[in-house]
Each structure stands twice: as structure tokens, then as C-alpha cells.
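Notes follow once the structure below has been shown.
The values are calculated or read from the model by the stated rules, or taken from the named source; none is laboratory data. The structure presented is a predicted model; accordingly, all values stated were derived computationally and were not measured. Cβ placement follows ideal geometry from the backbone for every residue including glycine, while neighbour counts extend to all protein chains displayed. What goes into the accessible areas is simple: the full protein's heavy atoms, side chains included, and nothing from ligands, DNA or RNA. Shrake-Rupley method; radii C 1.70, N 1.55, O 1.52, S 1.80 Å.
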Amino acid sequence: MNIVGYKDLDALPSSLRMYGASDYATMEPEPGKKDPDFTEHGIVGLDAIGDFWFVDWWYDQVETDVSIRAFNKLVRLWKPAKWWNEGGVIDRAIAPSIRQSMRLTNSWVAIEKLVKIADKGTKLQAFHARAHAGCVHFPIRRKWSEHVIEQLIKFPGGRWDDAADVCGLFGRGVDLMVEASIPLVQRRPQLIPFTEAWLEYNERNQKPKVRFF
């Protein structure tokens, strides 16, 4: 896997369109019981040439009221164009709470469910293809980056795969994403003949850009 690192947010492309994805779990750790799964929220920016730039991530072993609040904070901060969840029992159970939380916190995003896929390899096929092409970027020296990349490297043999599942959602949703647009270079205004600006331009012995009709 060829994941590219970047130093900090200053190294990001000037234009990114943000997207989000989540993999929800429902339980906190309890003594004497099996360690529960993590809830994972990821934010990725898509640049003008289709590269993924991961900019933020949240994960914890918590109940859904806590993880939904974390989702709301990420939506308010990054204002993603779309958000993906994997359909299934958990998604159907918490979808009303998510919609209510968006209304109460005024943090809106279009949420789309992707069909649950049992085969782990198929889940991440599209994401792995982009990663191997060097089109996936993570910030270096971030705890959450190490958390996600470790799962991607160990997948599908690691103990945890919740973060990898979120990356799989981004890969599966890429055909529904819109690449960022590059802003036009600011152009110098055209000089109009015999105006004050045109005369000042001539006085500096510079050839004005004049169009004659």
C-alpha cells in the first residue's frame, strides 16, 4: 500500500471538497466482557485531480449518543458535501437520532447509506486501488493517522477493522463525489484607452494592454 504523508494543514491543496463517512458501534467497554468495536468518523478532502486528503478523524468505544455528538461537531467544522454510512441494523436503529441531532445542532449534511457488504476484500477494493496508486494522503505524526493506517496495513487480519471500513465507504462512494474546482487565476483588469489608469501606465514607460476594435 502506497500511502503518502503530508506534514500539516498548510501542505493541503488550495481547493478541496470535503466528504465524511462513519462506521457506528453501540457499546462502551465493560469489565469481564469482550472489548467492543469502535465508532469511527472520517473526513476526507477530494482535490481537483481525484486524490484523497484525510484531514480529520474521530474514534472511540462509546454509546451512540456520544458518537452522534462527535459527528455533529465534525459536520459543523468541515461542512462536508455528503456523508456515507453503511446500511444495516445499527444504521436503521440510530438514523432517527442522527436526523434529530442535525436539526437540534443546525449541523446539516446529506447522509447516504451504502449497502452492507459481507466480503471484507470487496469492501476496500476501490480504496486500495487508489492507495496503491499513491492517491491517498494522511498527515504525519497524528495519533489518528497511525490508528487508521495500522488497520489498513493489517486488514483483513487485524483485531480491529472499523477505521478500514470507513475508508472502504470513501472508496465505494467516490463515483458520487465531485472533484474540487481550481479557482481561476486573478487577472489584471484590462486597461481602457485614455483613462487615468491607462495614462499612468504609459508614464511608467510600460506598454499598456489595449484592444483596438
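Within the range 55-67, the residues that satisfy the criterion of being open to solvent by 10 Å² or more (accessible area, probe 1.4 Å) and either hydroxyl-bearing (Ser, Thr, Tyr) or closer than 30 Å to residue 11 by Cα (or both) are 56, 57, 58, 59, 60, 64. Scanning the range 68-92 for residues that are in contact with a Gly (Cβ under 8 Å, 6 or more places away or on another chain) and assigned to a strand (DSSP E or B), we see that the one that is nearest to residue 11 (Cα to Cα) is 83.
The residues in the range 12-35 that are modelled with pLDDT of 90 or more and not β-branched (Val, Ile, Thr) can be counted, and the count is 13.
So how many residues does the range 1-54 have that are surrounded by 19 or more Cβ atoms within 10 Å (Cβ to Cβ), assigned to a strand (DSSP E or B) and touching a strand residue (DSSP E or B) at 6+ places or on another chain (Cβ under 6 Å)? So the count comes out to 16.
Residues in the range 120-138 include none that are without any contact (Cβ under 8 Å) to a residue 40 or more places away in the chain, of a type outside the set (Val, Ile, Thr) and within 15 Å of residue 38 (Cβ to Cβ). Taken over the range 133-148, the residue count meeting the criterion of being within 14 Å of the chain's Cα centre (by Cα) and in a loop (DSSP other than H, G, I, E, B) is 1. Residues in the range 73-132 that are open to solvent by less than 30 Å² (accessible area, probe 1.4 Å) and of a type in the set (S, T, N, Q) were compared, and the one that is nearest to the chain's Cα centre (by Cα) is 85. For the range 152-177, a residue qualifies if it is out of contact with any Lys or Arg (no Cβ under 7 Å at 6 or more places or on another chain), open to solvent by 10 Å² or more (accessible area, probe 1.4 Å), within 28 Å of residue 36 (Cβ to Cβ) and in a helix (DSSP H, G or I), and the qualifying residues are 153, 154, 172. In the range 99-124, which residue that is at pLDDT 95 or above and among the β-branched types (Val, Ile, Thr) is farthest from residue 73 (Cα to Cα)? Looking at the filtered set, the residue picked out is 111.
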